[in-house]
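Student: Quick one: the structure is below, and I'll ask about it shortly.
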Amino acid sequence: MRNASANRLPKPAWYRTAGADQDVVVSTRCRLARNLEGFPFPWRASSEQLGEIVIQCARGVAAFEPHAVRIGRPVADSEALHQLLTARYVSFKWAEMLTPGSVHVFPDGSGSIMVNEEDHLRIQTLRAGLDVETCLNQAQRAADALGRQLAIASSSTHGFLTASLCNTGSGLRLSCLLHLAALAATPAISEALAAARRMNCVVRGAFGEGSSGTGSLVQVSNRCTWGVGAAYAVEQAVAAVRYLVVREREAREAMMRRPGGKGDLIAAAEGASDLLLHEDLSAADIVRSLSVVRLGMAMGATSGTLLRTGEWMALAGLLLWSERRQASGVYERVRVQSAVRAGLRACLAEGSH
């Protein structure tokens, strides 16, 4: 296992390979929470205990994934932190913590293992589009391998023990990032999201807990694993996602059937592209403009590859986080705008051939 800087981080798999239902589902993530026996949860542990957890977890990961890329926390390399966040290898919460921690990135870019976030171990896998089976299988294999190397805290009665009671049991959180641009433009959005919540799911902003729905992006995940089986939790989450996918497609079809609907979308997508290419926008405006461009791509109203837009959305999410923290806001905005503009110009060039 090697300690690494930004230039050693693998390109995320969810940037490279398209998935099912990608017109609506931007990405799928599976996360498994685990903790070590004999140590307090991170919020109660001393710095010395957290350091020992980092060491033990590094040994455990090295035993089954010796080529994983390891970065310690606090992250001294700002470029590495930027890449970790945009690739979604770490959470914003992990990045904000200054206590001893680490992240181990799988060499194929399929996911990572965060050490000392809310739990000692957060194993996560990501895929573009709706790809629940692949995410679940990869995360479970990693969790099983770690379980053979480390003493994982569990109870015969309650299952895996976690810092949050809601995660106790399987420790599973399955979440999908959805782009509900057409549905969000109608009054039906409130009823549709309420229906998803009634399926025992959490519906929140695209960029995690505490964020609001921006640019018609929402994250849908299972609510709890306490008292329910993992299979049931997955079934409920997938049902909610599929329901919202259908509702969004219905809204898109209705939008395109309206007189001048396609022309309006073409004009809106061109206008949003122009703003992104030439104007100095806030983070929220970047996300909203990207949402319109992505919808245009999905509906064939403008050229471009949907797979690329996931990375742009993640960059904009990082900018939102930076602005909330007042952390290098101007620098991040310039950086994000440059990356998005380069991608858009490439799309426009491809469309002209």
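Nothing in this text is a laboratory measurement; each read-out follows from the coordinates by a stated rule. Owing to the predicted nature of the structure, the values given are computational and were not obtained by experimental measurement. We place every Cβ from the backbone using ideal geometry, glycine too, and count neighbours over all the protein chains shown.
Student: How would M297, M256, M114 line up from fewest to most surrounding beta-carbon atoms within 10 angstrom?
Tutor: Numbers: M297 21, M256 15, M114 27.
Fewest to most other Cβ atoms nearby, the residues stand as M256, M297, M114.
Student: Calculate the dipole size of the chain relative to its Cα centre from +1 charges on Lys and Arg beta carbons and -1 charges on Asp and Glu beta carbons; express the result in debye to the nearest 20.
Tutor: Values: 38 positive and 32 negative charges, 54 e Å.
My answer is approximately 260 debye.
Student: Cα axis of helix 261-278 to longest principal axis of the chain: angle in degrees, 0 to 90, nearest 10?
Tutor: Tilt of helix 261-278: around 60 degrees.
Student: Also, quick follow-up: Determine the dipole magnitude for region 2-169: charges of +1 sit on the beta-carbon of Lys and Arg, -1 on that of Asp and Glu, nothing else is charged, the reference point is the Cα centre, and the result goes in debye to the nearest 20. Numbers along the way, then the final one.
Tutor: Details: 17 positive and 16 negative charges, 48 e Å.
With Lys and Arg at +1 and Asp and Glu at -1, about 220 debye.
Student: Which Cα, out of G260, M313, L281, lies furthest along the positive dipole direction of region 258-351 (beta carbon charges, K/R +1, D/E -1)?
Tutor: M313
Student: While we're on this one: Determine the principal axes of the Cα atoms in the chain, then give the extent along each, sorted from largest to smallest and rounded to whole angstroms.
Tutor: For the chain, the Cα extents along the three principal axes come out at 65, 41, 34 Å.
Student: Oh, and also: Rank the residues H82, H158 as a footprinting-exposure proxy: fewest other Cβ atoms within 10 Å of their Cβ go first.
Tutor: Working: H82 20, H158 13.
The fewest-first ordering by Cβ neighbours comes to H158, H82.
Student: Given axes a ≥ b ≥ c from the Cα gyration tensor, I'd like to know whether region 258-351 is rounded (a/c under 1.5), prolate (a/b larger than b/c) or oblate.
Tutor: Working: a/c = 2.28, a/b = 1.87, b/c = 1.22.
Prolate shape, in that a/c is at least 1.5 and a/b is the bigger ratio.
Student: Please report the antiparallel percentage of the DSSP beta bridges confined to the chain, to the nearest 5. Intermediate results must be reported in sequence, preceding the final value.
Tutor: On the way: 44 of 46 bridges.
Of those bridges, close to 95 percent are antiparallel.
Student: At a Förster radius of 22 Å, what calculated FRET efficiency corresponds to the Cβ-Cβ distance of R257 and A18, to the nearest 0.05? Intermediate values should be presented prior to the final figure.
Tutor: On the way: r = 27 Å, r/R0 = 1.23.
For R257 and A18, the calculated efficiency is 0.20.
Student: Where does the longest stretch of the chain lie that holds no chymotrypsin sites (Phe, Trp or Tyr not before Pro) found in a DSSP loop with 16 or fewer other Cβ atoms within 10 Å? Mind dumping the intermediate values first?
Tutor: Numbers: sites that count: W43, W226.
That would be 44-225.
Student: Compare L150, L136, L174 in a GNM of the chain, Cα atoms joined below 10 Å, and give the one with the largest fluctuation.
Tutor: Sorting by GNM fluctuation, first place goes to L150.
Student: Nothing charged except the Cβ atoms of Lys and Arg (+1) and of Asp and Glu (-1): what's the magnitude of the dipole of region 258-351 about its Cα centre? Round to the nearest 20 debye. Present the calculation step by step, with values, prior to reporting the outcome.
Tutor: Working: 11 positive and 10 negative charges, 45 e Å.
Roughly 220 debye for region 258-351.
Student: Same structure, new question: Once you mark the GluC sites (Glu not before Pro) that are in a DSSP loop and have at most 12 other Cβ atoms within 10 Å, what is the longest gap between them in the chain?
Tutor: 38-208
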